[in-house]
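Everything below concerns the one structure shown next.
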Amino acid sequence: MKQFEIQENDSGQRLDRFLQKVLPALPKGAVYKAIRTKHIKINKKRCTPDQRLMPGDMVTLFLPDTLLYPESAPVPKSEPEFLQAPDQLDILFENEQLLLVSKPVGLVVHCDNRQTPDTLINRVLHYLYKTGAYRPEAEQSFTPALCNRLDRNTGGIVIAAKTASALREINRLIRENRIHKTYLCITVGIPKQPSAVLHAWHKKSDTHNTVTIRDTKAEGFQEIITGYRTLAQHNSFALLSVHLITGRTHQIRAHLAHMGTPILGDNKYGNGKANRAAHCKYQQLWAYQLEFNPEETSCLSDLSGLCVHTAPPPFVTKRFPDVSLQNI
């Protein structure tokens, strides 16, 4: 028999997902069968896989240890991997629930095929561990997590949730466009209109890490909306502020390329000749500013009106040193 008392960071999630986190070696089929045959109960009562857990709930598993902890299960490492990453972060804002950091260009947010332990999430976990905000031994199913992603070669603001409730709420606010994201970029070519809200249709490749943009709806395509404003222009380059109204994979890069003004340095969707001539090896794109607009009923209502931005990215100060970024 095994028991778990649900803590605050465990609450709000489905029973089956909680069990998959705390007992990863337990087969999913065995979980559903045990729930169906009443070998898993909540507060000594029959339960369902999708039942939402509440603080103080007692989850009891009447299952043999050989099923809960099979010999083939991987042995946990003695030291968490995140301790292999540096704990230094460029912190823009922090409270008890959230951490906003500026990610440098070249750092991946999560582990990729290079298997390096130096990722943004590992740096965040190391920092929270060092400051005492994250104690892995005290958590059953929750680990602080990033709420948004940036490509390796895109720098700027990333949100990290320090609690489960903050993670759920930030994800909801992002879905409902209550966190306004403003990016800065340099384009090859000058947009025809000084500012516009662009509508198009987007499809991600199932086999390649690329997307396709088209002007009309088609099967498998999802609508994207991208707003921009031209802040400055010089020769054949333009500095834009871009506001994401929808947020899909490579949306800004692919959408601007689709309208004929690709981002300088973008080797996936951009102009290779212009990139080489300008000696740009990575896309001149930066997540510059976030503005929070939660409702009064939100658990993050105290963030209403909070506007956080990074320092001006290097490519702006280099190519457009006289441009003011106030009120973008």
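Just so you know, all these numbers are worked out from the coordinates, no wet-lab data involved. From a predicted model like this one, the values you see are computed outputs, not experimental measurements. Cβ coordinates were reconstructed from backbone atoms using ideal geometry, including for glycine residues, and neighbour counts include every protein chain displayed.
Data for the structure
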{"item": "Cβ-Cβ FRET estimate between residue 304 and residue 65, R0 fixed at 45 Å, reported to 0.05", "result": "0.35"}
{"item": "Sum of side-chain charges, residue 182 neighbourhood, beta-carbon under 12 Å (Lys, Arg +1; Asp, Glu -1)", "result": "+1"}
{"item": "Ellipticity estimate at 222 nm from DSSP helix runs (n ≥ 4, -39,500 (n - 2.57)) divided over the chain, nearest 500", "result": "-5500 deg cm²/dmol"}
{"item": "Euclidean distance between Cα centres, region 1-61 to region 111-139, Å", "result": "26"}
{"item": "Listed candidates (1) 81, 67, 35; (2) 85, 51, 32; (3) 72, 47, 43 - label of the one calculated as Cα extents along the principal axes in Å", "result": "(3)"}
{"item": "Per DSSP, loop trypsin sites (Lys or Arg not before Pro) in region 82-168 with at most 12 further Cβ within 10 Å", "result": "114"}
{"item": "Cleavage-rule hits (trypsin sites (Lys or Arg not before Pro)) in region 193-274: DSSP loop, at most 11 neighbouring Cβ within 10 angstrom", "result": "217"}
{"item": "Extension gain (nm, one decimal) between residue 32 and residue 267, 0.36 nm per residue minus Cα-Cα", "result": "79.9 nm"}
{"item": "Violating pairs (Cα-Cα greater than 26 angstrom) within the set 162/281; 268/318; 130/281; 33/204", "result": "162/281; 130/281; 33/204"}
{"item": "Loop-resident sites, region 231-328, for GluC sites (Glu not before Pro), counting at most 14 other Cβ within 10 Å (DSSP)", "result": "295, 296"}
{"item": "Residue among 79, 139, 94 with the largest mean-square fluctuation in a Gaussian network model of the chain, springs linking Cα atoms under 10 Å", "result": "79"}
{"item": "Inter-label distance, nm, simple model (7 Å from Cα along the C-beta direction), residue 245/residue 22", "result": "4.4"}
{"item": "Shape category assigned to region 232-284 from the gyration tensor of Cα positions, a/c cut at 1.5", "result": "oblate"}
{"item": "Length added when fully stretched, residue 322-residue 210, from 0.36 nm per residue minus Cα-Cα", "result": "36.8 nm"}
{"item": "Mean Cα-pair separation over length for the chain, i.e. relative contact order, pairs under 8 Å, 6 or more apart, %", "result": "14"}
{"item": "Percentage relative contact order, region 81-175, counting C-alpha pairs under 8 Å, at least six apart", "result": "33"}
{"item": "Förster radius 35 Å - calculated FRET efficiency between residue 176 and residue 140, Cβ distance, rounded to 0.05", "result": "0.75"}
